[in-house]
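Single-structure report; data block below.
Laboratory data are not the source of any read-out in this text; all were calculated from the coordinates shown. Given the structure is predicted, the values throughout are model-derived calculations rather than measurements. For neighbour counting, all protein chains shown are included, and Cβ atoms are generated from backbone atoms with ideal geometry for every residue, glycine included.
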Amino acid sequence: MTAHLAVIDMQRVFGDAGSAWATPRFAEIVPRIRVLAEALAPKVTFTRFVAPDEPAGAWSDYYARWPFARLPRDAPLYELVPDFAGPDPSLDATTFSKWGPELSSRVGPDVLVLAGVSTDCCVLSTAVAAADAGVPVRVVADACAGVDDRSHAAALHVLGLYSPLVEVVDTATVLDSVRGRSLP
């Protein structure tokens, strides 16, 4: 079985230490994600979390708490960090989960490999939604970062409870599998 890498929300808003949404270990995972993206190319999708034009329902309260984020999707804060900026369009979503028809069509019958931020929010939400859809998911623990180490570890623990639908792996395991052309 082959794999499709979804790199979740490697954006300035999460990588900038001065941002209210800064993810402390963001910079540490960049090199691992770069290696994974090179190994799995061209089957790679970069996602972006963006604000809706008009928040509705509970999202209204969310953006009342985080008014700085009420920016258009082309705002610099929502750009992918330079390491991952490129000519290919990203998959943008106004929801934590990036799983939906667009990502599903890109992944097809492949294993969905997830890396990025934050483990305890958008990665977790995407993994669970894809697993519910019957897609085999591999979350690359050392290529993800959470809002803090404790939340990261807790999210990985919860994701492990979804086994065998969701497996928590490391970068070396994915790279070894790609060389062998199958994922565990």
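Between A85 and A41, the contour length at 0.36 nm per residue exceeds the alpha carbon distance by 14.4 nm.
Using R0 = 41 Å, the C-beta based FRET efficiency linking A27 and A56 works out to 0.75. Extending 7 Å from the Cα toward the beta-carbon at both T2 and D170 defines two label points whose distance is 2.8 nm.
Could you tell me the relative contact order of segment 65-136? Use alpha-carbon pairs under 8 Å, at least six residues apart, and round to a whole percent. It rounds to 30 percent for segment 65-136. Estimated at 0.36 nm per residue, the fully extended path between S105 and A154 surpasses their Cα-Cα distance by 14.6 nm. The separation of segment 126-144 from segment 75-93, counted between C-alpha centres, amounts to 21 Å.
Loop only by DSSP, 15 or fewer other Cβ within 10 Å of the Cβ. Give me the trypsin sites (Lys or Arg not before Pro) in segment 8-117 that pass, ordered by residue number. Provide the component values of the computation, followed by the final result.
Details: sites: R12, R25, R32, R34, K43, R48, R65, R70, R73, K98, R106; in loops: R25, K43, R70, R73, K98.
Hits after loop and neighbour filter: R70, R73.
Using the Kirkwood radius over Cα pairs, work out the Stokes-Einstein diffusion coefficient for segment 3-180 at 37 °C and 0.692 mPa s, in µm²/s as a whole number.
Details: Rh = 16.2 Å.
Using the Kirkwood radius from Cα pairs, D works out to 203 µm²/s.
Relative contact order, percent, of segment 3-180 when contacts are C-alpha pairs under 8 Å separated by at least 6 residues? Don't skip to the end; give the middle numbers.
Working: 320 pairs, mean separation 49.5, N = 178.
Averaging sequence separation for qualifying contacts and normalising by length gives 28 percent for segment 3-180.
Taken one residue at a time, the phi angles of segment 157-164 give Karplus couplings (6.51, -1.76, 1.60, θ = phi - 60°) of 4, 4, 4, x, 5, 8, 4, x Hz. Gly and Pro are set to x. Which net charge results for the neighbourhood of D92, defined as the other residues with beta-carbon distances under 13 angstrom from its beta-carbon, given Lys and Arg at +1 and Asp and Glu at -1? Surrounding charge for D92 is -3. A cut-off under 12 angstrom between Cβ atoms defines the neighbours of R106, and their net charge, with Lys, Arg +1 and Asp, Glu -1, is -1. Compared with the rule-of-thumb size 2.2 N^0.38 Å for a compact globular protein, segment 42-94 has a Cα radius of gyration ratio of 1.28.
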